[in-house]
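Structure record follows, encoded as structure tokens.
A short reminder: the numbers here are calculations on the coordinates, not readings from a lab. Quick caveat: nothing in here was measured; it's all calculated off a predicted structure. Neighbour counts are summed over all protein chains in view; Cβ atoms, including those assigned to glycine, are modelled from backbone coordinates with ideal geometry.
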């Protein structure tokens, strides 16, 4: 009979578990929101002392509803109602009776699961590293270094469209963004000359509240310096939120794109101008070659003209001698008609030779002499030589133009490549930010959540205070004999829980 009494409770418990899993509470809620708040007590150096998870399950449905949450928890406690969970491995099963529209269950439990961010805190007094406890009651220059290290690392292949839609793919080591708010109350009665860096500060009476906002990627260190007297420090509070801070869009992206396109057009135009400069230099070399040939031809023509001039001068001298001889013969024989005709012919020929050499009028028209032709040829040769010099200068100018265009083109190409590289980095940064934002949104639970549930998780960390050890009197307290916890209101339970927590 006694054995039967021992067996009955076992079968009863098994039946309750079986019915909870399969029958009476088989109904699943229409909608579940799982909000986790992770409270962690830290030692003064940032190492974890204790982690408590407070889970708020908000369900919508009607009737008897079963919600299966997930997580490795110990000392699970319902802090909002009388429901008792059924714990099977990592499953935490809650059975809510007679749900009318919606119901909330708040429960807590302890866990040893590592936080997404490691905290390390170092203390210095007068330049020497010390333990936090040894600061209490001391005076001097204090420095506190708070280092946050992100543990949520993952490798991602990121694809994005770059300049003019070009496809790019990069491998990146990303860290899930954890917005970290570090807060400390600094009593101005104990501390002066406070240096808080980029912290936001608010004065409340004689207390300065300093709050730093960082996103460790993967690591950030906050430094606080001040001068202390009879040092005491309140707990350092750290709030961790999986979230990417708002990042303003780059307003100059479109302008940079237009600038890159404009520089690209300038680069193309400079290439064409460089080709033109090459053609100009080549054409100028041809002109210079033609001028050299022309100068040589004029020189040869001038040599021929000079030879003709020499012959004419010889003919003039010969004709003068013949004329003198004929005139002498005519003086002896004045009646000789042939001599008179010869003299007239020689005189006419002398005039023609003189006109050929010096120029004059022929039948009322100006007739250039060989001497004028020589002057003209010399002038032409000089002009051609000047053209040759100008052609040399033009060729040098064309080469200088080509060199300048090449330098300008090189600088423009470098500018274009720099702009395109910068724009691609900008597009890459936007893709990384988008991926990081997605990672933060997906990190919506610390321990686990019901299937299909919407999740949200926050972390609140707090260190031990640093206070001088004082001898305190003891007061006798009467034990609380009222065990009727059910008589305490829900809000009083929540208040009592959080008061005991910290």
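Once the Cβ-Cβ distance between residue 167 and residue 91 is put in as r, and R0 is 45 Å, what FRET efficiency do you end up with, to the nearest 0.05?
Details: r = 45 Å, r/R0 = 1.00.
That pair, residue 167 with residue 91, gives E of 0.50.
If you take the beta carbon distance between residue 306 and residue 265 as r and set R0 to 56 Å, what does 1/(1 + (r/R0)^6) give as a FRET efficiency, to the nearest 0.05?
On the way: r = 60 Å, r/R0 = 1.08.
The calculated FRET efficiency here is 0.40.
FRET efficiency for residue 82 and residue 223, Cβ-Cβ distance as r, R0 = 51 Å, nearest 0.05? Show your work: numbers first, answer last.
Numbers: r = 49 Å, r/R0 = 0.97.
Efficiency computed from Cβ-Cβ geometry: 0.55.
Quick check on the exposure proxy: order 213, 203 from fewest to most C-beta atoms within 10 angstrom.
Numbers: 213 15, 203 10.
With the sparsest Cβ surroundings first, the list reads 203, 213.
With a 10 Å radius around each residue's Cβ, average the other Cβ atoms per peptide and rank 426-433, 82-89, highest first. Don't skip to the end; give the middle numbers.
Details: 426-433: 15.9, 82-89: 12.5.
Order by mean packing, descending: 426-433, 82-89.
Grab the Cα-Cα distance for residue 332 and residue 201, subtract it from 0.36 nm times how many residues apart they are, and report the gain in nm with one decimal. Could you put the intermediate results ahead of the total?
On the way: separation 131, 0.36 × 131 = 47.16 nm, distance 14.17 nm.
Difference between extended and current length: 33.0 nm.
Under the rule a/c < 1.5 gives rounded, and otherwise a/b versus b/c splits prolate from oblate, where does the stretch 146-244 land using the Cα gyration tensor?
Working: a/c = 3.69, a/b = 3.02, b/c = 1.22.
Prolate, because a/c is 1.5 or more and a/b exceeds b/c.
So for 275, 193, fewest C-beta neighbours within 10 Å to most, what's the order?
Details: 275 12, 193 9.
Least to most surrounded, the residues fall as 193, 275.
Between residue 154 and residue 350, 0.36 nm times their residue separation minus their Cα-Cα distance comes to what?
On the way: separation 196, 0.36 × 196 = 70.56 nm, distance 11.42 nm.
The span from residue 154 to residue 350 would gain 59.1 nm if fully extended.
Taking neighbour Cβ counts within 10 Å as the exposure measure, how do 55, 464, 34 sort from fewest upward? It would help to have the intermediate numbers written out before the result.
Numbers: 55 27, 464 16, 34 24.
Fewest-to-most Cβ neighbours within 10 Å comes out as 464, 34, 55.
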